[in-house]
Every structure is written in C-alpha cells, then in structure tokens.
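Quick notes on the structure that follows.
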Amino acid sequence: MNNKFSLTRIALLFTLPIFILFTASTQKKNYDSSTDTLRFSGESHLRNIRQLTFGGNNAEAYWSFDDKQLSFQSDWKEINSQPCDQIFKLNIDGSPLGNGKRYMLLSTGKGRTTCSYFLKDGRIIYASTHSADDKCPESKMFAAGRYVWSIYKTYDIYIANKDGSNPKVLIGGEGYDAEAIASPDGKYIIFTSTRSGDLELWRCEIKTKKFLQLTNTLGYDGGAFFSRDSKHIVWRASRPQGKEAETYKKLLAAGYVEPKELNIFMADIDGKNVKQVTKLPGANWAPFFNPDGKKILFCSNHHSLDKGGRIFDLFMINIDGTGLEKITNSETFDAFPMFSYDGKKLVFCSNRQSDRKPAHDTNIFVADWIEKPEEVDLNFKSLK
C-alpha cells in the first residue's frame with residue numbers, strides 16, 4: 001500500500017466534514033431573506049423567487065429538457081398583438097433569444113393557442129385554432145349560469161421547430177385536441193381529446209403515431225403529466241353523477257366544461273391501475289410529480305371555499321393520498337407548477353406582487369426548490 005496515498009485519504013476523511021459544514025454555512029450566509037420580496041411567510045420549500053413576466057395573463061410555463069428555457073402562453077400586450085393567448089419562450093437567465101429580445105413568439109400569431117410543451121429534441125408542440133380562423137374564437141366565462149372553460153372543436157395540436165417555424169398538424173381531426181405533453185424518455189405524447197365523445201386522455205407514440213385511449217369514464221380528464229421515470233401519469237378529472245352528469249353532457253355538447261369539482265388521479269402510462277389521489281372539495285388541478293415520484297404538487301381552492309373559492313394555492317401530497325402540505329401562501333392565485341428536470345427549481349404562475357397589492361395580472365415565477373427546509377426557511381417571515 002502506498003503510505004502517502006493512505007495518509008492523504010485519512011487527511012481527507014477528517015477535512016471533508018469540515019468542508020461540507022463550511023459549504024453549508026456559506027450557502028446559508030449567501031441567502032439573504034430580506035431580498036426575497038416575492039416570498040411569503042410559510043413558504044418553506046421556496047427560496048429566491050424571481051419574476052419572469054410583468055403584465056397580462058401568462059400561464060402554463062414549462063421547462064425545456066435542458067432546463068435553460070421555458071415555453072408559455074400569454075396575452076400580455078407588450079409582446080402579443082393578438083387579443084388572445086399566443087405561445088412564447090424565454091431563456092431562464094433572461095438573456096436575449098435569437099430575435100434579440102427576451103421573449104420570442106413561437107406560434108403563428110393567429111387564432112387562439114394553449115398548452116405548449118418542449119419535445120426532447122427542442123421542438124415545440126402546442127394547440128391552436130388558427131387553421132379554422134385567424135381571429136380569436138369567441139370566449140365565454142359563464143354558460144347556463146356557471147363558470148366555464150371553452151372547449152374549442154377547432155383546436156389541433158401542432159409541432160414546430162425550435163424557433164416556431166414550419167408548424168405542422170401533429171394531432172388533428174374533428175373535435176378538441178389539446179393539453180399535449182411529452183414523456184421524459186421522449187417516446188410518448190399524452191393529450192386530451194373529445195374524439196371518443198367525452199373529454200378523455202389519449203396517448204400517441206411519437207415514433208409509430210399509434211394512439212391509445214387511456215381513460216373511459218364520464219367526466220373531464222385533462223392536464224396530464226408524466227413522472228420523471230416515464231412510468232406513471234397524473235391528471236385532473238371530474239366524475240359527475242346524477243343531475244351533475246346530465247349538466248356536464250349538456251355543457252360539453254355546447255363546447256364548455258365546468259372546472260368546479262376536480263380531483264387528482266394517477267395511473268400507469270397505459271392507463272391501467274388508476275387510483276384517485278385526492279378526495280377534496282373544490283377544484284384540485286394542475287398536478288405535477290415531485291422528481292422522486294413519491295409526491296405530487298397540485299393547485300387547489302379547497303381551503304378557500306368558505307371565501308368563495310377564489311384563493312388558489314399550491315399543495316403537496318403523497319401519492320397514497322396522505323401527508324397533505326400547503327406550499328404557497330400568497331392568498332392570491334398560485335398554479336401551474338413544474339419542476340425543472342434537475343429537480344432544483346420550480347416554475348409556477350401567480351398573481352403575487354412584492355408590494356402585496358391586489359393584482360389581476362398572472363405572471364411567471366421561478367424559485368429554488370428546498371426539498372428539506374432548513375431553519376432559515378422554516379423561520380422565514382415576509383417583510384410585508
């Protein structure tokens with residue numbers, strides 16, 4: 001045995017713990033809670049929150065596979081001349097894109113778009129109505145006295161190059177086709193469609209273009225996402241019964257769905273072994289798996305129904321339905337969470353403002369994710 005090597009290893013064993021402690025101490029010192037003005041008391045899993053858009057309605061911001069960019073939909077007048085959502089992207093570090101600007105239009109600038117997502121090769125998929133009409137389709141917030149989302153039959157799913165060029169129909173035909181996302185292994189796309197007569201989840205194998213219907217129960221099945229290992233899916237679903245089932249059918253026939261009673265479900269990627277994760281009142285939606293696949297982050301208003309259900313926060317729950325934990329605490333609207341692929345950051349959309357004034361703008365925020373909150377996080381108090 002080389003004695004010099006042995007002594008070096010022994011010295012390293014004694015110095016390594018000191019190095020780790022020093023590094024941890026330095027990280028704590030580097031975090032200045034007074035500058036974290038977008039963080040609210042009680043948000044122990046979030047740190048160094050940064051705002052990425054600054055007006056209008058910006059939603060469904062999702063990471064590229066290299067964690068360097070986000071795609072999102074926006075009606076912000078500063079970047080979008082169309083009065084309804086178009087698809088954009090931005091660099092997470094705020095640097096200029098190929099057009100020399102911070103935000104780049106990826107969709108055609110025509111019709112209404114929704115639900116963009118990066119493929120593993122950097123191309124983009126999104127739903128759009130532009131082939132039916134250049135103008136924005138009519139949108140209603142209420143139908144039959146109920147708050148509703150419009151289900152446009154003219155939505156088709158498009159695929160385009162990294163810069164948005166050469167858009168082509170990837171999934172189309174009669175009825176609503178939207179809410180498409182790609183699996184981390186690059187093999188599948190899952191989307192929501194009315195092609196079977198109801199709002200169901202469908203899977204498309206990218207290589208073969210083979211389709212598989214994943215759900216087949218009356219109600220809205222949508223907003224699906226894959227687990228990091230591409231073995232499971234999680235989504236939001238309604239399960240109306242009795243008179244509510246008849247109302248659901250009538251609304252859907254008119255092109256609407258009421259996002260009133262939704263819960264979180266998960267299954268294998270072939271649709272088997274379905275289980276309901278949440279059993280909460282109100283709207284529980286926008287789910288996303290934690291990187292380890294053992295928990296799910298989602299948006300809910302179940303805790304604010306006595307106040308009209310207008311406050312939406314992010315919650316986290318174990319996949320067996322236990323351990324419900326409140327993640328955000330802005331008393332506004334926090335939704336659409338997605339972890340970066342390295343698991344270190346979380347992007348979400350919110351009405352929060354650093355001055356704590358009421359706002360109707362929905363903007364995109366990114367935060368460091370603290371899986372195991374430290375004392376500095378547990379004791380964090382917002383300044384306002």
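Quick look at the numbers
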item	result
Cross-chain or 6+ apart pairs with Cβ under 8 Å, the stretch 306-329 first and on the phi > 0 side of the Ramachandran plot, then part of a loop (DSSP other than H, G, I, E, B)	309/282; 309/301; 321/277; 321/278; 321/279
Hits in the stretch 282-307 (condition: small (Gly, Ala, Ser) and under 17 Å from residue 334 (Cβ atoms))	282, 283, 286, 300, 304
Per-region count, the stretch 124-135, residues surrounded by fewer than 17 Cβ atoms within 10 Å (Cβ to Cβ) and either touching a helix residue (DSSP H, G or I) at 6+ places or on another chain (Cβ under 9 Å) or in contact (Cβ under 8 Å) with a residue 24 or more places away in the chain (or both)	3
Total residues in the stretch 158-206, condition touching a Gly at 6+ places or on another chain (Cβ under 9 Å), among the basic types (Lys, Arg) and without any contact (Cβ under 8 Å) to a residue 24 or more places away in the chain	1
Total residues in the stretch 164-189, condition touching a strand residue (DSSP E or B) at 6+ places or on another chain (Cβ under 7 Å) and closer than 23 Å to residue 130 by Cβ	17
Residue 241, sole failed condition from (1) outside any loop (DSSP other than H, G, I, E, B); (2) free of Cβ contacts under 8 Å to residues at least 24 places away in the same chain	(1)
Strands (runs of 3 or more DSSP E) within the stretch 148-227 that include 3 or more residues among the aliphatic types (A, V, I, L, M)	156-160, 168-171, 177-182
Looking only at the stretch 255-276, and only at residues there that are assigned to a loop (DSSP other than H, G, I, E, B), of a type in the set (D, E, K, R) and out of contact with any helix residue (DSSP H, G or I) (no Cβ under 7 Å at 6 or more places or on another chain), the one that is surrounded by the most Cβ atoms within 10 Å (Cβ to Cβ)	261
Single match in 105, 52, 70, 90 (criterion: closer than 16 Å to residue 163 by Cα, surrounded by fewer than 21 Cβ atoms within 10 Å (Cβ to Cβ), of a type outside the set (Val, Ile, Thr) and modelled with pLDDT of 95 or more)	105
Filter result for residue 346 (in contact (Cβ under 8 Å) with a residue 40 or more places away in the chain, hydrophobic (A, V, I, L, M, F, W, C), surrounded by fewer than 19 Cβ atoms within 10 Å (Cβ to Cβ) and under 14 Å from residue 43 (Cβ atoms))	no
When residues of the stretch 177-226 are limited to those that are among the hydroxyl-bearing types (Ser, Thr, Tyr) and over 20 Å from the mean Cα position of the chain (by Cα), the one nearest to residue 149 (Cα to Cα)	194
The stretch 361-376 residues that are part of a helix (DSSP H, G or I), paired with ones that are basic (Lys, Arg) (beta carbon under 7 Å, 6 or more apart)	376/28
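Matching residues to (1) assigned to a strand (DSSP E or B); (2) in contact with a helix residue (DSSP H, G or I) (Cβ under 6 Å, 6 or more places away or on another chain); (3) closer than 23 Å to residue 266 by Cα; (4) not charged (D, E, K, R):
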residue: 292; (1), (2), (3), (4): no, no, yes, no
residue: 298; (1), (2), (3), (4): yes, no, yes, yes
residue: 303; (1), (2), (3), (4): no, no, yes, yes
residue: 322; (1), (2), (3), (4): no, no, yes, yes
residue: 330; (1), (2), (3), (4): no, no, no, yes
residue: 338; (1), (2), (3), (4): yes, no, yes, yes
residue: 355; (1), (2), (3), (4): no, no, no, no
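Yes/no per residue for (1) within 18 Å of the chain's Cα centre (by Cα); (2) surrounded by 16 or more Cβ atoms within 10 Å (Cβ to Cβ); (3) closer than 16 Å to residue 263 by Cα:
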residue: 288; (1), (2), (3): yes, yes, yes
residue: 294; (1), (2), (3): yes, no, no
residue: 302; (1), (2), (3): no, yes, yes
residue: 306; (1), (2), (3): no, no, no
residue: 310; (1), (2), (3): no, no, no
residue: 317; (1), (2), (3): yes, yes, yes
residue: 322; (1), (2), (3): no, no, yes
residue: 327; (1), (2), (3): yes, yes, no
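The values are calculated or read from the model by the stated rules, or taken from the named source; none is laboratory data. Source: prediction; values computed, not measured. Using ideal geometry, Cβ is built from the backbone for each residue, glycine included, and neighbour counts are taken over all protein chains shown.
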